[in-house]
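Below is one structure, written out as structure tokens; the observations come after it.
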Amino acid sequence: MIEDYQTLFVFTITAKDVIANIIVAMICGFSIAFLYKYTYSGLNYSSAFTVSLIMLTMITAVVIMVIGNNLARAFGMVGAMSIIRFRTAVKDASDIMFIFFALTIGLASGVKLYSIAFMGTIVIGFVYYIISKMNFALPTKREFLMQIISKENSTLDNPFGETLSKYCRKYKLVNIKTMGEPDNLLMEFSYYITLKNESKGAGLIKEIKDMQGVTQSNLFFDETS
């Protein structure tokens, strides 16, 4: 019983094991980083985050090797890690997923479960790649933000409703504000719209732009919807 208890504090790992674990973690980390790079579709891509995924996988493997089966090291590592404060907020849910992905593969590499590390990277990566290419989570009809800027004296009757009804399944006025100098006031109208046919978005912009008093019209895809 005493001998079994003492083995909890024995840390046995060879230099060959250390190198092999780190190499496996590095290969898997590069795979995860490439997957993130080529599937990312947001507006806040960070090359530093992509590199961090590689390093995070390798560092996690090293941390697990340091802890081994030693309870004292495990508690000491928890105390040391609690000092770290993460100041950067993770805005994209997929970024959080990739962080856990890298951590999990790093854990498998650190305990020499190479088959789990490689197969986990391949299978999870393949599933995520297919889902991202299928646009599985996107709605069939996307919501756009329509911005219209016109001269103040020409928009008293808000003449955009008829044109929007022609191109949109639904639309909603969400904001009106004035801008410009007092002697040249402009009105900015913001609409949330769902197009009947997204390929005709350019036609909507042109028709709105050709209306009397309109100086500018823009159509944006709303990433937050």
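Every number here is computed from the coordinates shown, using simple stated rules; none is lab data. If you're wondering where the values come from, they're calculated on a predicted model, not measured in any experiment. Because the Cβ atoms are built from the backbone with ideal geometry, glycine has one as well, and the counts that use them run over all protein chains shown.
A few notes on this one:
- Residues in region 188-205 carry Karplus couplings, in order, of 10, 10, 10, 10, 8, 10, 10, 6, 5, 9, 5, 6, 9, x, 5, x, 5, 4 Hz; the curve used is 6.51 cos²θ - 1.76 cosθ + 1.60 with θ = phi - 60°, and Gly or Pro positions show x.
- Multiplying the residue separation of L113 and S41 by 0.36 nm and subtracting their alpha-carbon distance yields 22.7 nm.
- For region 144-221, diffusion coefficient by Stokes-Einstein and Kirkwood Rh (Cα), 4 °C, 1.567 mPa s, µm²/s: 103
- Close amide H pairs (under 5 Å, H built 1.01 Å from N) link Q216 with I149, residues at least 5 positions away or on another chain.
- Per-residue HN-Hα couplings for region 47-53 [Karplus 6.51, -1.76, 1.60; θ = phi - 60°; Hz; x = Gly/Pro]: 5, 5, 5, 4, 5, 4, 5
- Protection proxy ranking for 53-62, 120-129, using the average of other Cβ atoms within 10 Å per residue and placing the highest first: 53-62, 120-129.
- Of the cross-linked pairs K151/K209; K37/K112; K170/K209, those separated by over 18 Å at the C-alpha level are K37/K112; K170/K209.
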